[in-house]
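Notes follow the structure.
Coordinate-derived values only; no laboratory data. Worth saying up front: this structure is predicted, and the values here are computed from it rather than measured. Cβ atoms come from the backbone with ideal geometry, glycine included; neighbour counts cover every protein chain shown.
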Amino acid sequence: MTDTTTTQFNALLLDIEGTITSISFVKDELFPYAFENVGKYLEEHYHKPATQIILEDLRLVAEQQAENDLAVVRIREPKKECIEDVTKNVRHWIKRDKKLTPMKALQGLIWEEAYQKGEVKGHVYPDVFPVLKIVENRKIPIYIYSSGSVHAQKLLFANSVEGDMTKILYGYFDTNIGLKGESASYTKISAEIGVPEKDILFLTDVEAEAAAANKAGLQTRLVIRPGNASLTQEAKNAYGTIESLEEIL
Ligand SMILES: CSCCC(=O)C(=O)COP(=O)(O)O
Ligand SMILES: [Mg+2]
């Protein structure tokens, strides 16, 4: 049985969307920006090595996804057709909130422009930065684990409504380490940061992520924020809930 009353931890691992950032910021600002600008971005950056690496990965993912999803097209070679196909797939995946690693990498590159132009600012809830500063003062390292690419994570925190938060963050993980619903991902994070599983506190809004982290031996809390999906009573009992990061202090 998980002890959901005490919170003693030597590392803090944070989900982004629905935990420290509103779902609305991601769904109503970031995703539409990528949806609108994917074709334009590819036109302008097509020949860059970073784009070409992502396109190769997207080709493989499209092959796999097309097996089970008739809306996914296989990506053709010539530039014009390639951009057309990738744009179609990416828009389809954005609508379905697919957490596909190369698509997330491409989104991060597209968002870079939006942050640079000042068209978006990374949302964080008002309780987040003050609490993280206290945690950091206690010499407890803070890590991020999100389905968004590490590049996208850094952009969000470097350009947040609270200013540059990256100076208090120790490290970042994305789906390159594994999916958030798989317990092996948390075991790998524990090994990588050199903190035993039982000494890591993981905060998330998603039951499957809490279950996976808990199975790996991490302490977990489910975070309730306005606009989040509702949680089952079973999960609330199993992992405990918080409505503000102040509750972990
Ligand atoms: C890194 S900002 C964009 C967030 C994102 O793309 C996403 O899919 C959110 O997933 P999370 O794991 O943070 O809930
Ligand atoms: Mg989340």
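Take the range 163-180 and flag every residue that is more than 15 Å from ligand 1 (Cβ to nearest atom) and surrounded by 15 or more Cβ atoms within 10 Å (Cβ to Cβ). Correct list: ILE168 only. Can you tell me which residues in the range 58-72 are loosely packed, with under 15 Cβ neighbours inside 10 Å and either aliphatic (A, V, I, L, M) or part of a helix (DSSP H, G or I) (or both)? Scanning the range 58-72 gives LEU60, GLU63, GLN64, LEU70, ALA71.
Within the range 198-229, the set of residues being within 16 Å of ligand 1 (Cβ to nearest atom) and in a loop (DSSP other than H, G, I, E, B) comprises ASP205, VAL206, LEU218, ILE224, ARG225, PRO226, GLY227, ASN228, ALA229.
Here is a yes/no grid of residues against (1) over 19 Å from ASN176 (Cα atoms); (2) within 18 Å of the chain's Cα centre (by Cα); (3) assigned to a helix (DSSP H, G or I); (4) more than 16 Å from ligand 2 (Cβ to nearest atom):
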position: GLY108; (1), (2), (3), (4): no, yes, yes, yes
position: VAL120; (1), (2), (3), (4): yes, yes, no, yes
position: PRO130; (1), (2), (3), (4): yes, no, yes, yes
position: VAL135; (1), (2), (3), (4): yes, no, yes, yes
position: LYS139; (1), (2), (3), (4): yes, no, no, yes
position: ILE144; (1), (2), (3), (4): no, yes, no, no
position: GLN153; (1), (2), (3), (4): no, yes, yes, no
position: PHE157; (1), (2), (3), (4): yes, yes, yes, no
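For (1) closer than 25 Å to SER244 by Cα; (2) touching a residue at least 24 places away in the same chain (Cβ under 8 Å); (3) within 16 Å of ligand 1 (Cβ to nearest atom), each residue gets a yes or a no:
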site: PRO78; (1), (2), (3): no, no, no
site: ARG96; (1), (2), (3): no, no, yes
site: VAL135; (1), (2), (3): yes, yes, no
site: ILE144; (1), (2), (3): yes, yes, yes
site: LYS154; (1), (2), (3): yes, no, yes
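Of the residues making up the range 87-121, just one is touching a Ser or Thr at 6+ places or on another chain (Cβ under 7 Å) and hydrophobic (A, V, I, L, M, F, W, C), namely ALA105. Within the range 74-97, the residues that satisfy the criterion of being surrounded by fewer than 17 Cβ atoms within 10 Å (Cβ to Cβ) and not in a helix (DSSP H, G or I) are ARG74, ARG76, GLU77, PRO78, ARG96, ASP97. Cβ-Cβ distances below 6 Å connect the following pairs, each with a first residue in the range 7-26 that is more than 16 Å from LYS180 (Cα to Cα), a second residue that is near ligand 1 (Cβ under 8 Å from one of its atoms), and a separation of six or more residues or different chains: ILE23/GLU17; VAL26/GLU17.
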